[in-house]
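Some notes on the structure that comes next.
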Amino acid sequence: MTTDEIRTYILTEILGEPDGTLADDEDLLLSETLDSLSVTRLVQHIEERTGITVPPEDVTLDHFATLTAIAGYVAVRRAR
């Protein structure tokens, strides 16, 4: 799952702003772009699209703060 795919989902499905912008390194949590409910929706989307399971203990700032971090996390989980 690429940063562009994640960005598109967040902008379209979570924020309802398909023409909005999100930088790859923008902190989505500290900027309050994403809240706990939207992170839950994002995790569910990632699981459905990739077939991986995201354990609750993996939903951390390190893994879900930026688009780059999320895409990196997904790549590592898919490689297992």
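Data overview
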{"read-out": "Matching residues, the range 6-32, being part of a helix (DSSP H, G or I), without any contact (Cβ under 8 Å) to a residue 60 or more places away in the chain and either open to solvent by 90 Å² or more (accessible area, probe 1.4 Å) or closer than 15 Å to Val43 by Cβ (or both)", "value": "Tyr9, Ile10, Glu13, Ile14"}
{"read-out": "Counted residues, the range 40-57 - those being part of a helix (DSSP H, G or I) and open to solvent by 30 Å² or more (accessible area, probe 1.4 Å)", "value": "9"}
{"read-out": "Selection count, the range 59-69, where residues are without any contact (Cβ under 8 Å) to a residue 24 or more places away in the chain, open to solvent by 30 Å² or more (accessible area, probe 1.4 Å) and either in contact with a Cys (Cβ under 6 Å, 6 or more places away or on another chain) or not polar (S, T, N, Q) (or both)", "value": "3"}
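The values are calculated or read from the model by the stated rules, or taken from the named source; none is laboratory data. Quick caveat, the model's predicted, so the values are computed rather than measured. Heads up, the Cβs are rebuilt from the backbone with ideal geometry, glycines too, and the neighbour counts pull from every protein chain shown. Areas reflect the complete protein model, heavy atoms only, side chains present, ligands, DNA and RNA absent. Shrake-Rupley method; radii C 1.70, N 1.55, O 1.52, S 1.80 Å.
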